[in-house]
Amino acid sequence: MKISVFGLGYVGAVTAGCLASRGHSIVGVDVHPQKVQSFNDGIAPIVEAGLDELLKMARAKGLLRATTSCEEAIAATEVSIVCVGTPSSLSGALDLSFVRGVIKQIAEALRKSAKSHALVIRSTMLPGSTANLVAELLNDLQSKGQVNIFYFPEFLRESTAVADFEHPSLAVVGTRDGAKPPRELTTALFGENAQVVNWPTAEMVKYACNAFHAAKIVFANEVGRIGKELQIDAQTVMALLCRDSKLNISPYYLRPGNPFGGSCLPKDVRALTHHGRQHGVNLPMLDSLLLSNERHLQALLALITESKQSEIIILGLSFKSNTDDLRESAMVEVAQTILGRGYRLRIYDPALNLASLVGSNKRLIDTKMPHLASLLHQDLKTALGERGLVLAAQKCASLDELGKFVTPAHQLLDINGWPELRTLPVKYEGFCW
């Protein structure tokens, strides 16, 4: 394909070199004449292993050139990839002025030429940015089918960017409505394994990945600081942590849903952060975990209030499925709060047998919910009743069972990610999706 790459910095230079190595004809575009000259000389404008060789080879084959002219690049290509920077402003806000400027130039060039074109944005942008830029600058071109717009986030690491481009750990492409892109673009650019989503989802994935990477580094460093204070080798601790590929280095615990609870996580987070304070070790990330968990619970309570329902049905009271452990369960907190606010409450949890509760589990209920027996129903039909907001905290009933007993007067709030609930003939809302 004939492809123009706008912005010959880190991402653009690597993108141009790697695509040229696949046999595509590349026109690089940049406002800096020095970068343009470097490209035309087959010299990488950045230090990146393997990139100089790719550019020299591409120049030798006549597959690579660069210009400062947007119109020239658009006239010569069928696909444009935007790789310009999105720096932070002094306030921390994202500065999209470079992206906006480039897309405006591309739009003006396309209006003059009337040719069809594919526009691929790789610049890191917050969710909603692509849609806003399209509405502002490209709406007329998209409406008449002259331009097809994609958001294709990059996941390149400095010093291994060429290898990351050729063997991506993740490939995601965003289209306006999540429809599959044209076959030729998938083959040439996105890759056969690319996950296709809508624009804002693709934009959010990039930020979620980078925030997760930052969280991992900060977490390891906080473990390191408290480990050093306690004369423990944190390198060994983290190496052992990473050996657990079932819970630690895995998708486990990485789905939006219930606040955490139970007998272990809250207690152990409190103990570790308290121990850090006792030893004068500042652990801001670990200190924020319980606060963030509480904020998540408050967000759930806000959704319950917004539902305008006076009757609430909780499916699953314990802190997770297939247990009767109620200690620090988010649903116990929800139940206690909504009872205090005057809601009528019914609970269904087949794993819960009040007669078998003992020790701290029993003391918790005696203290927080002494009337639990009158709220707990043994059969699903009675628990659901004729109407109300159903909080699906657990899969403690089958989809078929729910389908038999829910009515149009019910609403479903899916707390733990049960997408099949959408098929039921009632109003559905996901807690945080």
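The values are calculated or read from the model by the stated rules, or taken from the named source; none is laboratory data. Keep in mind that this is a model prediction, so the values were computed, not measured. Glycine gets a Cβ as well: all are built from the backbone with ideal geometry, and neighbour counts include every protein chain shown. Protein only, heavy atoms only, side chains kept; ligands, DNA and RNA dropped before computing areas. Shrake-Rupley method; radii C 1.70, N 1.55, O 1.52, S 1.80 Å.
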Scope region 4-59; condition open to solvent by less than 10 Å² (accessible area, probe 1.4 Å) and either more than 21 Å from T124 (Cα to Cα) or among the basic types (K, R) (or both); matching residues: A20, I26, V27, F39, G42, L51, L55, A58
Scan of region 1-31 for residues that are modelled with pLDDT of 95 or more and assigned to a loop (DSSP other than H, G, I, E, B), ordered by number: M1, G7, L8, R22, G23, H24, D30, V31
Single unsatisfied condition, R277 versus (1) within 30 Å of the chain's Cα centre (by Cα); (2) open to solvent by 70 Å² or more (accessible area, probe 1.4 Å); (3) at pLDDT 95 or above: (1)
Complete set of residues in region 280-308 that are out of contact with any His (no Cβ under 9 Å at 6 or more places or on another chain), open to solvent by less than 60 Å² (accessible area, probe 1.4 Å) and not in a helix (DSSP H, G or I): L283, S307
Residue count, region 315-354 (criterion: β-branched (V, I, T) and more than 23 Å from H410 (Cα to Cα)): 1
Every residue from region 309-320 that is modelled with pLDDT under 95 and open to solvent by 50 Å² or more (accessible area, probe 1.4 Å): F319, K320
Extreme residue, nearest to the chain's Cα centre (by Cα), among residues of region 113-131 that are open to solvent by less than 60 Å² (accessible area, probe 1.4 Å) and at pLDDT below 95: K115
Candidate set from region 379-403 (those that are touching a Lys or Arg at 6+ places or on another chain (Cβ under 8 Å) and crowded, with 21+ Cβ neighbours inside 10 Å); member that is nearest to P419 (Cα to Cα): Q394
Scope region 232-259; condition in contact with a helix residue (DSSP H, G or I) (Cβ under 7 Å, 6 or more places away or on another chain), free of Cβ contacts under 8 Å to residues at least 60 places away in the same chain and under 30 Å from F431 (Cβ atoms); matching residues: N248, I249
Inter-residue pairs, beta-carbon under 6 Å, first in contact (Cβ under 8 Å) with a residue 12 or more places away in the chain and in region 269-280, second among the β-branched types (V, I, T), 6+ apart: G276/I226
Residue within region 356-371 that is open to solvent by 60 Å² or more (accessible area, probe 1.4 Å) and either in contact with a Leu (Cβ under 8 Å, 6 or more places away or on another chain) or modelled with pLDDT of 90 or more (or both) present: no
